[in-house]
Amino acid sequence: MSKKLLLPGILLFSSLLSTAQHINKIIDSTEVKRIEKILSSDEFQGRKISTPGIDKAAEFIASEFKKNKLAFWGDLHTYKQDFSILKTILTSTTAYFDSKKIDSNSVIAITTQPDISITEKSDYHLARISGKNDLLKEAVTYIEDNKNYLVIVDTSHAKSFNKINRFKKEDITKNSNVIFILSPRIPLSYRVEINHSITQTKLTNIIGVIPGKNKKDEYVIFSGHYDHLGVGKPNNNADSIFNGANDDAAGITAVITLSKYFNTVKDNERTLVFIAFTAEETGGFGSKYFSSQINADKVVAMFNIEMIGTESKWGHNSAYITGYEKSDFGKILQKNLRNTAFNFKPDPYPSQYLFYRSDNAALAALGVPAHTISTSKMDNEIYYHTAEDEIETLDIKNMTAIIKAIAISSQTIVNAKDTPTRIENTSNIDQ
Ligand SMILES: [Zn+2]
């Protein structure tokens, strides 16, 4: 049995010891279990966007923020940041090149216009991405150009053609249409008809704030996402609710618990922002909207927390940080955890691009040292995105330990003693 204290050197650091004692009282497993149990309960019906279940979850998170005496964010008079997105759903595609029908799987339209009907006589620029070009890099330049394009993509890109879909942003401000068609040659004549239905979806982030003592204009964000997959097809066990206990009720439990901790300690020089993002599972719309509304230069760091309910591949008391090499955020956290029982390491699953798969990505693209902390064994997390992701499969004691570790690791950033280096601004291309 380990007798390791959170912070050794007791005599030299007696003030830190009192923090350590403090932390065990505030971040305790009974409280963590209480929050996690409510968030992952059947009452919230899997917290899918646009359902009464997720609205109830939002109410619960807001009530916890209120209990922890958080302030409102910016100009808001509530913890809820409401916004809406336009969703375009493709209803039909018809394309002919030199009177020959093109398979609809070979057509991708990036547009927010419901109906498009064009021929070679239309005012569209014809472009081509050859086999030698980098498909996604070229695709972005046409999408960003604000002109209408018909882009012929060489069939040697067939395998990665579908990746263009990732640029389908529900972006209401853009008026141009870019249509990509896989074809070995440029047609002399063509006819393309694309029909979409467009629907508006209302969404809500939940945000609470602890203003900084002196550096009010410097923000440190603690976040997770509260949406999940909803209700699936009934299965043999008769449980069809995807409760998402680990993904990401665990992250939201951490965010709420950390807000309670920092509100009790009250020693933050910088302003702390606690966010429960919506619509992560459907495209990260919550974090994208939030980041479109702020001056990213003011955000000093972002601790995004995803799936910390199971032990990591290294066992108890350890977690990993995505995008570790992109800033010195991870090094600062490791330094603050030195001589504690806890250990944060670089993401061991780089081939899964986890850095780009969560809510940190939107802020990181703007240069913010925004990283995700997780314990999820992405090569062997058996309940990931299944109806079995239930509270019973979580290790609440270890989860409580990880939340403490996040609190301790963030201390010098919260207190403005450390400022992580910025991430290279990669807006759009890497998302
Ligand atoms: Zn998640």
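Would you mind telling me which numbered condition in (1) assigned by TED's automatic domain parsing to the domain that holds Ala387; (2) in contact (Cβ under 8 Å) with a residue 12 or more places away in the chain Asn205 fails?
Among (1) assigned by TED's automatic domain parsing to the domain that holds Ala387; (2) in contact (Cβ under 8 Å) with a residue 12 or more places away in the chain, the lone unmet condition for Asn205 is (1).
Among (1) away from the ligand (no atom under 12 Å from the Cβ); (2) of a type outside the set (Asp, Glu); (3) modelled with pLDDT of 95 or more; (4) under 30 Å from Leu86 (Cα atoms), there is one condition Leu258 misses while meeting the rest; what is its number?
Exception for Leu258: condition (4).
Filtering the stretch 24-82 down to residues that are at pLDDT below 95 and of a type in the set (S, T, N, Q), which residue is surrounded by the fewest Cβ atoms within 10 Å (Cβ to Cβ)?
Asn24
Cβ-Cβ distance below 6 Å, separation of 6 or more or different chains: which pairs start in the stretch 374-400 with a residue that is assigned by TED's automatic domain parsing to the domain that holds Ala250 and free of Cβ contacts under 8 Å to residues at least 60 places away in the same chain and end on one that is outside any helix (DSSP H, G or I) and buried (at least 17 other Cβ atoms within 10 Å of the Cβ)?
none
From the list Ser287, Ser292, which one is within 15 Å of the chain's Cα centre (by Cα) and away from the ligand (no atom under 16 Å from the Cβ)?
Numbers: Ser287 fails: away from the ligand (no atom under 16 Å from the Cβ).
Sole residue among the options that is within 15 Å of the chain's Cα centre (by Cα) and away from the ligand (no atom under 16 Å from the Cβ): Ser292.
Among the numbered criteria (1) touching an Asp or Glu at 6+ places or on another chain (Cβ under 6 Å); (2) in a helix (DSSP H, G or I); (3) of a type outside the set (A, V, I, L, M), which single criterion is violated by Ser291?
If we test Ser291 against (1) touching an Asp or Glu at 6+ places or on another chain (Cβ under 6 Å); (2) in a helix (DSSP H, G or I); (3) of a type outside the set (A, V, I, L, M), just (1) comes out false.
Would you please name the residue that is farthest from the ligand (Cβ to nearest atom), looking only at residues in the stretch 350-364 that are hydroxyl-bearing (Ser, Thr, Tyr) and surrounded by fewer than 23 Cβ atoms within 10 Å (Cβ to Cβ)? Don't jump to the end; show me each part of the working.
At the first step, the residues of the stretch 350-364 found to be hydroxyl-bearing (Ser, Thr, Tyr) are 351, 353, 356, 358.
Still in the list and also surrounded by fewer than 23 Cβ atoms within 10 Å (Cβ to Cβ): 351, 353, 356.
Working: Ser351: 18, Tyr353: 14, Tyr356: 13 Å.
That would be Ser351.
Residue under question is Phe242, and the condition is that it be within 16 Å of the ligand (Cβ to nearest atom) and farther than 29 Å from Asn295 by Cβ; does it hold? Lay out the reasoning, then the answer.
On the way: within 16 Å of the ligand (Cβ to nearest atom): yes; farther than 29 Å from Asn295 by Cβ: yes.
Yes.
Checking Asp297 against (1) outside any loop (DSSP other than H, G, I, E, B); (2) within 16 Å of the ligand (Cβ to nearest atom), which test does it fail?
So the condition that Asp297 fails would be (2).
Restrict the check to the stretch 270-278 and report whether at least one residue is within 14 Å of the ligand (Cβ to nearest atom) and either touching an Asp or Glu at 6+ places or on another chain (Cβ under 7 Å) or among the charged types (D, E, K, R) (or both).
Yes - at least one qualifying residue is present in the stretch 270-278.
Of all residues in the stretch 306-345, how many are touching a Phe, Trp or Tyr at 6+ places or on another chain (Cβ under 8 Å), closer than 27 Å to Phe285 by Cα and either among the small types (Gly, Ala, Ser) or loosely packed, with under 15 Cβ neighbours inside 10 Å (or both)?
3
Could you please find all residues in the stretch 240-278 being assigned to a loop (DSSP other than H, G, I, E, B) and within 24 Å of Pro420 (Cβ to Cβ)? First the steps, then the outcome.
Of all residues in the stretch 240-278, those assigned to a loop (DSSP other than H, G, I, E, B) come to 240, 243-244, 266-269, 278.
Those that are assigned to a loop (DSSP other than H, G, I, E, B) and within 24 Å of Pro420 (Cβ to Cβ): Lys266, Asp267, Asn268, Glu269.
Which condition does Lys233 not pass, out of (1) touching a Gly at 6+ places or on another chain (Cβ under 7 Å); (2) more than 16 Å from the ligand (Cβ to nearest atom); (3) not in a strand (DSSP E or B), if it passes all the others?
(1)
Output the residues belonging to the stretch 361-416 that are more than 27 Å from Ser41 (Cβ to Cβ) and not in a loop (DSSP other than H, G, I, E, B).
Listed by number, the residues that qualify are Ala361, Ala362, Leu363, Ala364, Ala370, His371, Ile408, Ser409, Gln411, Thr412, Ile413, Val414.
The values are calculated or read from the model by the stated rules, or taken from the named source; none is laboratory data. Please read all numbers here as calculations on a predicted model, not as lab measurements. All Cβ positions, glycine included, derive from the backbone under ideal geometry; neighbour counts span all protein chains shown.
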